[in-house]
1. Measuring label to label, 7 Å along Cα→Cβ, what does B:P200 give against each other copy in nm, shortest first?
2. If you take the Cα atoms of segment B:18-339, find Rg, then find the Kirkwood Rh from the mean of 1/r over all pairs, what is Rg/Rh?
3. Which of the listed residues, B:G185, B:V99, B:L254, is farthest toward the dipole's positive end in segment B:18-339, when Lys, Arg count +1 and Asp, Glu count -1 at the beta-carbon?
4. Which three extents, in whole angstrom, do the alpha-carbon atoms of segment A:16-131 cover along their principal axes, largest first?
5. Taking B:S29 in one copy and the same position in all the others, each labelled 7 Å out along Cα→Cβ, what are the pairwise distances from the first, in nm, shortest first?
6. At 7 Å along the Cα-to-beta-carbon direction for both B:E72 and B:T334, put a label point, then send me their distance in nm to one decimal.
7. 7 Å from Cα along Cα→Cβ at both A:R205 and A:A44: what's the point-to-point distance in nm?
8. To confirm my reading of the symmetry, which residue of chain B has the Cβ nearest the axis that brings B onto A, and what whole-Å distance does it have?
There are 2 protein chains.
Amino acid sequence: MTRSDRSPHGGQPPSGTARIAVDLLGGDSAPAVVVDGALRACSADPDLHLLLVGPRESADEVLGALAVGDRERVSVSVVDRTVGMGDAPMRHVRRESTVRAAAEAVYAGRADAMVSAGSSGAAVAASAHVLGRLPGVRRPGLAAHVPTAHGPVLLLDVGVTIDGTMLELVQHAVLGAAYAAAALGVADPRVGLLSIGSEPGKGDRLRRAVAVALSDTALPAGGRYIGLVEGHDVPLGGPADVVVTDGFTGNILLKGIEGATGRPALAEGARPARGAALLGVAGTVVVCHGSADGPDIASGIALAARLHRERVIPAVAGLADDLLTELSSAGGLTIRDALGERS
Amino acid sequence: MTRSDRSPHGGQPPSGTARIAVDLLGGDSAPAVVVDGALRACSADPDLHLLLVGPRESADEVLGALAVGDRERVSVSVVDRTVGMGDAPMRHVRRESTVRAAAEAVYAGRADAMVSAGSSGAAVAASAHVLGRLPGVRRPGLAAHVPTAHGPVLLLDVGVTIDGTMLELVQHAVLGAAYAAAALGVADPRVGLLSIGSEPGKGDRLRRAVAVALSDTALPAGGRYIGLVEGHDVPLGGPADVVVTDGFTGNILLKGIEGATGRPALAEGARPARGAALLGVAGTVVVCHGSADGPDIASGIALAARLHRERVIPAVAGLADDLLTELSSAGGLTIRDALGERS
């Protein structure tokens with residue numbers, strides 16, 4: 001790994017217009033915090049254009065708070081239905097939901113990227129359905145940037161693959177390595193598998209099988225599998241640039257780190273970003289935490305704009321496509337095969 | 001829940017001699033850090049007696065550093081073999097291992113409790129084999145105290161039940177409630193199940209099934225199941241006094257919190273204690289982190305002494321025995337049953 005050039009653009013972020021569709025009804029405290037986040041994002045980035053997707057009155061609140069000259073940067077798509085946090089995601093992703101309308105705006109080319117604060121299940125389901133998955137991808141993964149003293153660690157999946165399978169975790173290792181190179185400027189990214197010890201063989205059945213499969217998997221962008229890493233390696237950084245796990249464990253670890261670092265003794269800057277990039281879908285999608293506040297939403301919008309401007313998602317697809325398809329067609333590999341067990 | 005009397009002894013810790021068997025060869029940096037921890041524990045507690053189990057030269061190092069008058073508080077059991085961190089625990093728990101010799105000293109009444117810094121697999125296997133499990137207990141659990149602004153949260157299991165089952169998690173809820181009452185002085189402990197959202201139905205198959213089973217399970221000491229909690233609820237505290245999870249997830253969450261709070265910006269006091277109490281075994285056993293340092297070992301020894309002096313483990317057994325046996329005899333309950341699925 002070299003970090004001499006952490007940004008693939010030599011430290012000069014590419015500018016240019018970025019048109020972001022924002023789900024006004026996503027998250028636990030919508031629309032208030034989303035309105036707040038949209039205003040913060042607009043004032044921070046003069047080349048940002050927003051497509052606000054949701055109720056007319058919430059969009060008007062944003063427009064009313066903007067200077068007249070800035071209002072032309074904001075357009076509105078009026079949608080009133082939402083997906084509640086308690087609903088089963090798939091059943092309720094209807095044409096009229098805001099998160100689906102946001103995805104459709106990206107699909108139709110009316111926006112370059114989308115941001116929603118969830119529910120993450122609904123946001124992922126709508127994105128995958130409307131934008132499509134990359135060829136061969138079984139399930140997309142949500143990748144969170146965790147800041148550490150050694151630079152950001154990419155943790156994925158943090159909420160999609162709740163009963164994770166071997167193929168999903170191996171595909172996420174491929175996607176994570178490609179994203180680390182394309183978005184974080186990490187050359188030859190080191191990919192670790194999250195487990196309960198760093199010695200070979202540690203972990204549950206799924207981890208033992210995935211470790212065998214990853215030892216035998218080509219990773220893009222010069223990436224290499226460096227073995228097992230532990231819970232503390234995510235907030236402390238060091239051994240791995242990318243840490244792969246199932247969405248259940250990843251979600252709990254990320255929220256645990258957020259809770260621990262959210263304590264008053266820690267500076268604001270040490271709080272992990274609450275926007276996660278969706279990997280494995282043919283479009284740029286950022287999903288914020290359901291409990292995101294205004295600054296979190298604004299940072300999610302800024303992440304979406306950066307991913308669009310740096311063409312990160314097309315680059316990930318270019319780096320990962322062949323490997324993902326190859327893994328998918330070898331998808332008959334089972335945990336029992338990997339562990340050498342007889343059925 | 002009332003916290004008016006957090007200590008079951010009214011704030012006056014019971015004193016009296018506590019004889020602790022210490023595994024000199026447990027942990028990644030043994031014996032040096034164990035020697036250091038033993039010396040720190042001795043000087044902090046004048047009623048502490050140590051039985052040092054391990055190589056003669058390490059024990060002599062402790063004895064040589066003590067004042068002459070304190071040396072009578074330290075006895076030695078010379079054992080030279082150890083269990084390496086990379087070994088499969090069960091196969092290597094031989095009569096001559098230090099951790100097994102420490103457990104045998106407790107069983108024989110030569111010590112009141114034991115402390116080892118692992119490997120935790122070997123420490124748990126030796127303890128369960130030599131001291132025996134409580135009636136009906138399928139697998140013991142390691143319970144960690146996580147300090148929060150709302151008082152300690154008990155997180156279990158943090159490393160034994162790597163491929164956790166429904167019965168194991170439900171039995172750990174019973175043991176955790178009993179321990180919260182007996183060791184932490186929590187009346188009517190609130191027990192939460194760790195998952196990826198607090199709304200009913202969130203989580204993987206195991207969590208959805210355990211949530212159904214816990215809703216229907218009597219908990220000791222006035223304990224009650226309060227539903228699902230999330231990763232941040234462990235370091236922040238608040239909703240639950242006891243948080244139940246499988247040993248894979250619990251280990252990763254605990255180490256993630258340790259890594260996040262171990263950052264320089266946080267005061268030493270905010271670092272979680274690295275000693276975990278073993279629940280479900282008929283004896284007092286504290287297992288420290290493999291990467292424990294001297295102060296961590298000393299705090300593990302102090303915890304073992306306190307658990308002995310306050311008769312916590314017998315109290316846990318008294319509170320939990322009937323419920324554990326009842327659960328065990330209803331052990332035919334499967335995840336499919338709990339989720340109402342047809343096979």
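1. Spelled out, the distances from B:P200's label point are 4.8 nm.
2. For segment B:18-339, the value is 0.97.
3. The one lying farthest along the dipole's positive direction is B:V99.
4. Principal-axis extents of the Cα atoms in segment A:16-131, largest first: 41, 27, 20 Å.
5. Spelled out, the distances from B:S29's label point are 4.1 nm.
6. Computed distance between label sites B:E72 and B:T334 equals 6.4 nm.
7. Between A:R205 and A:A44, the label points sit 4.5 nm apart.
8. Of all Cβ atoms in B, the one closest to the rotation axis yields B:A260, 2.
Rule-based calculations on the coordinates, nothing more; no lab input. Computed from a predicted structure; not experimentally measured. Cβ coordinates were reconstructed from backbone atoms using ideal geometry, including for glycine residues, and neighbour counts include every protein chain displayed.
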